[in-house]
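S.K.: Dropping a structure here in structure tokens format, bear with me for questions.
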Amino acid sequence: MRSAGTLALLGALAYGVTALVATPVSAQGNGNATATPDAGQAGSTFTLYWSGVYLDPDCSDYTVRIVWDGGQVIGTGRHSGRGSGSGTATVPANASLGGHRVTARPVCAATSTPTDSFTVTPTPTTTTTPPPQVTTTTTAPPVAPTTTTRPRVTTTTPQPTTTTTTTTTTTDSSAPPASTTTKPFDGDGALTLDKDNIQPGDPLTATGTGCDPGSSVKLSSLGEDVGTAKADNSGTFSTRVEFTMIEPGRHVIRADCGVVLVGSVDIALTSSTGGTTSTLVVLVFFLLVGAILVRRQFAGLFTRSSKSTEQN
């Protein structure tokens, strides 16, 4: 009975050890951005509001840049620390007519860089009408006849002539302006890891998008360099991540390439757990074999004792 209880306890311990699993990486959220107003002329100003953007826990700079078409910084704002904020920006003086992309890009690493659209409208044309011209005609008096009666003097003043020029501009709404240029909308930058969970010795590859074309990429985790790469002409890179020191738990990986991209991976040290499980299985096996041998020995002694009693 005591051997059976020990075996049951060992079996329960083995089941509890093998039931441990690593927690997968949670999904990142997407933020929202709104430009107010969302249309205006070149050189005008607008306010960009954003929400749902959460900075890296180690961040100490809450400055947020407002980027025009993914490249030119046209203003800055301040992050409130609760996932939202706002900033004021000025439309570039050389901006082309049509739709453009405005992005809230935090200085520190963030879960997302939300983007909204802004439409550049043409500058209105002002037409000035000159004042009307007034023409006055005066008729000279006739020559007085040689009489004692003085002649009458008649003065004729014609009505003034007013000339008004009206300019009518007809706009065809079905045809776009000749100088309108619409640039394509690119996606936000992101850092993607090919695995959510790894063990010591497992390969790990990081792929990033949204970098400055041709920029150098430096990957780090917990202040340690874990990889380098170079972005291609489209701002994309791919490289292997190598940890010098392996510590269990979640590791945040940052890729600095003009912008900061963030990803994370869980590292689980399962080799020691596997060894403990194997030891428990071997121990249970030997205990079972020992119990069978002890049972057989007791059965043989009982049989011999019964035969000896019968002979007497």
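S.K.: Restricting attention to the stretch 107-119, report how many residues are within 12 Å of Val67 (Cα to Cα) and either modelled with pLDDT under 90 or in a loop (DSSP other than H, G, I, E, B) (or both).
M.R.: Matching residues across the stretch 107-119 total 3.
S.K.: Also: In the stretch 75-87, what residues are under 19 Å from Cys59 (Cβ atoms), outside any loop (DSSP other than H, G, I, E, B) and open to solvent by less than 60 Å² (accessible area, probe 1.4 Å)?
M.R.: If we filter the stretch 75-87 for residues that are under 19 Å from Cys59 (Cβ atoms), which is where we start, we get 76-87.
Those still in the list that are outside any loop (DSSP other than H, G, I, E, B) too: 76-79, 85-87.
Correct list: Gly77, His79, Gly85, Ser86, Gly87.
S.K.: Considering only residues that are in a strand (DSSP E or B) and either among the aliphatic types (A, V, I, L, M) or more than 25 Å from Asp256 (Cα to Cα) (or both), which ones fall in the stretch 88-106?
M.R.: Initial filter on the stretch 88-106 (in a strand (DSSP E or B)): 88-90, 97-106.
Those that are in a strand (DSSP E or B) and either among the aliphatic types (A, V, I, L, M) or more than 25 Å from Asp256 (Cα to Cα) (or both): Thr88, Ala89, Thr90, Leu97, Gly98, Gly99, His100, Val102, Ala104.
S.K.: Filter the strands (runs of 3 or more DSSP E) completely within the stretch 31-74 down to those with at least 3 residues that are without any contact (Cβ under 8 Å) to a residue 60 or more places away in the chain.
M.R.: Details: elements: 32-36, 45-51, 63-68.
In the stretch 31-74, the matching strands (runs of 3 or more DSSP E) lie at 45-51, 63-68.
S.K.: For the stretch 241-258, state whether one or more residues are among the polar types (S, T, N, Q) and open to solvent by less than 30 Å² (accessible area, probe 1.4 Å). Talk me through it step by step, then tell me what you get.
M.R.: Of the stretch 241-258, the ones among the polar types (S, T, N, Q) are 244.
From the residues that got through so far, the ones that are open to solvent by less than 30 Å² (accessible area, probe 1.4 Å) too are none.
The answer is no, given that none of the residues of the stretch 241-258 is among the polar types (S, T, N, Q) and open to solvent by less than 30 Å² (accessible area, probe 1.4 Å).
S.K.: State the number of residues belonging to the stretch 68-116 that are under 13 Å from the mean Cα position of the chain (by Cα) and among the β-branched types (Val, Ile, Thr).
M.R.: 6
The values are calculated or read from the model by the stated rules, or taken from the named source; none is laboratory data. Owing to the predicted nature of the structure, the values given are computational and were not obtained by experimental measurement. All Cβ positions, even for glycine, are placed from backbone atoms using ideal geometry, and neighbour counts span all protein chains on display. Heavy atoms of the whole protein, side chains included, go into the accessibility calculation; ligands, DNA and RNA do not. Shrake-Rupley method; radii C 1.70, N 1.55, O 1.52, S 1.80 Å.
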